[in-house]
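Notes to accompany the following structure.
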Amino acid sequence: MKHGLLALDKGHPGQMDLLEAHFDIIRPRAPDPERIIAENAQNVRAITTYLNPVQRNLMEMLPNLEIIACGAVGIDHIDLDAAQERGIAVTHTPDVLTNDTADTGIMLMMNILRRGVEADMYVRAGMWKNGAMPLGRTLGGKKVGIVGLGRIGRAFATRARAFGMDISYFGPSKKDDVAYQYYDDLEAMATDVDVLALTCMGGVRTKGLVNYSVLQALGKTGFLVNIARGSVVNQSDLLMALSNKVIAGVGLDVYDDEPNVPESLFIRDDVVLLPHIGSATVETRTKMGRIVAGNLLAHFAGEPLLTPVEM
Ligand code: GLV
């Protein structure tokens, strides 16, 4: 009998094709996903998920669960403590998505400063005939403060440098291998920069890091870009800061309660909103799917995991 694989979503391109021959794939579909999970609970040895949560209660329903193969780099939606207590392996998909995600950050930054999305809408709405649209802001010479100089933060910094931007960063520790200015105080960095770019991990350590005071420090000419996780920003503080004109604008790829985006943002022209597409290219998602499958096949063949989360 094949091992049961609980697939919490449809997976990346090609992912399930690679797994179908090896696993009995269980899809917890509506209208009663819980019943499907309960009926197959004994057989489930593995879970695949992209961004759907895997919390303790789900793990508790699955006595034979051995591995959670996550098709994302961020793993803040997986209860690692619960996994570790049970000796359940967790894998993710770092590296392959670094460049696309950094590109998405640059796309957001350019669009919010140069008003790219607004400009497109301006033409489509026939407004150009009535006169030129408001001016944007130059990227070159601006200061960008990166929150979390990990793989994606570094790739974002390299790109921003190419636009002539001045880089600084905030994080738990100073990195010896970069010359960018380091801040151990986020408010101090926000005060000094024109753009605050969030590229850090989500989770308890970064929850609510960007609050009203940080936004006030960023100030009326400052822009926020978030390609990390919605939880890194206190979303109600952000909404208040926007309506009080505390900052100049924001570009968001991630939100608190995806796919629900606060509707008050829809009517604003100082925001650019993307639907969590950091790594959303055919090339990268295909690679991510191969890594998910590769980790599962390695695990059940008794081989080393390709990309384990170190716990
Ligand atoms: C996407 O947000 C990811 O963590 O891969």
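The values are calculated or read from the model by the stated rules, or taken from the named source; none is laboratory data. Quick caveat, the model's predicted, so the values are computed rather than measured. Glycine also receives a Cβ, built like all others from the backbone with ideal geometry; neighbour counts cover every protein chain displayed. Side chains included, ligands, DNA and RNA excluded: accessible areas come from the protein's heavy atoms. Shrake-Rupley method; radii C 1.70, N 1.55, O 1.52, S 1.80 Å.
Relative contact order for the range 98-273: 21 percent, from Cα pairs under 8 Å spaced at least 6 residues apart, divided by residue count.
Full extension of the chain segment joining LEU273 with ALA82 gains 65.4 nm, where the gain is 0.36 nm per residue of separation less the Cα-Cα distance.
Our summary gives the chain a relative contact order of 19 percent, counting only alpha carbon pairs under 8 angstrom and 6 or more residues apart. How large is log10 I(q)/I(0) at q = 0.10, 0.15 Å⁻¹ when the Debye formula is applied to the Cα atoms of the range 1-127, each weighted equally and without solvent? Reported log10 I(q)/I(0), two decimals: -0.45, -0.75.
Here the range 58-77 is scanned for amide nitrogen atoms under 17 Å from the site 7 Å beyond the Cα of GLU34 along Cα-to-Cβ, giving 58-62.
Return the equivalent ellipsoid semi-axes of the range 246-311 as a descending list in whole Å, where each equals the square root of 5 times an eigenvalue of the C-alpha gyration tensor.
Its equivalent ellipsoid spans semi-axes of 38, 13, 10 Å.
Other residues within the sphere of radius under 12 Å centred on the Cβ of SER231, judged by their own Cβ, net out at -1 (K and R +1, D and E -1). FRET efficiency for the pair GLU258 and ASP120, taken as 1/(1 + (r/R0)^6) with r the Cβ-Cβ distance and R0 = 22 Å, rounds to 0.40.
Tell me the angle of helix 151-162 to the major Cα principal axis of the chain, expressed in degrees between 0 and 90 and rounded to the nearest ten. Once rounded, the angle reads 30 degrees. Packing-based ranking of 33-39, 172-178, 272-278 yields 272-278, 33-39, 172-178, ordered from highest to lowest mean Cβ neighbour count within 10 Å. Packing-based ranking of 298-305, 241-248 yields 241-248, 298-305, ordered from highest to lowest mean Cβ neighbour count within 10 Å. Between GLU187 and ASN52, the distance separating the two model label sites (each 7 Å from Cα on the Cα→Cβ line) works out to 4.2 nm.
Each stretch of four or more DSSP H residues adds -39500 (n - 2.57); spread over every residue of the chain, this sum gives -10000 deg cm²/dmol at 222 nm. At an R0 of 35 angstrom, the distance between the Cβ atoms of VAL204 and TRP128 translates into a FRET efficiency of 0.15.
Which peptide among 91-103, 280-292 comes first, and what is the full order, when sorted by highest mean count of other Cβ atoms within 10 Å?
So the peptides 91-103, 280-292, ranked by packing, come out 91-103, 280-292.
In the P(r) worked out for the range 98-273, what percent of Cα pairs fall beyond 21 Å? The calculated P(r) of the range 98-273 puts 45 percent of pairs beyond 21 Å. Normalised size of the chain, defined as Cα radius of gyration per 2.2 N^0.38 Å with N residues, equals 1.09. Per residue, the solvent-accessible area of the range 98-273 (1.4 Å probe, heavy atoms of protein chains only, all protein chains present) comes to 50 Å². Using the Cβ-Cβ distance between GLN42 and ASP9 with R0 = 25 Å, the FRET efficiency computed as 1/(1 + (r/R0)^6) comes to roughly 0.65. Of the solvent-accessible surface of the chain, computed with a 1.4 Å probe and all protein chains present, 52% belongs to carbon and sulfur.
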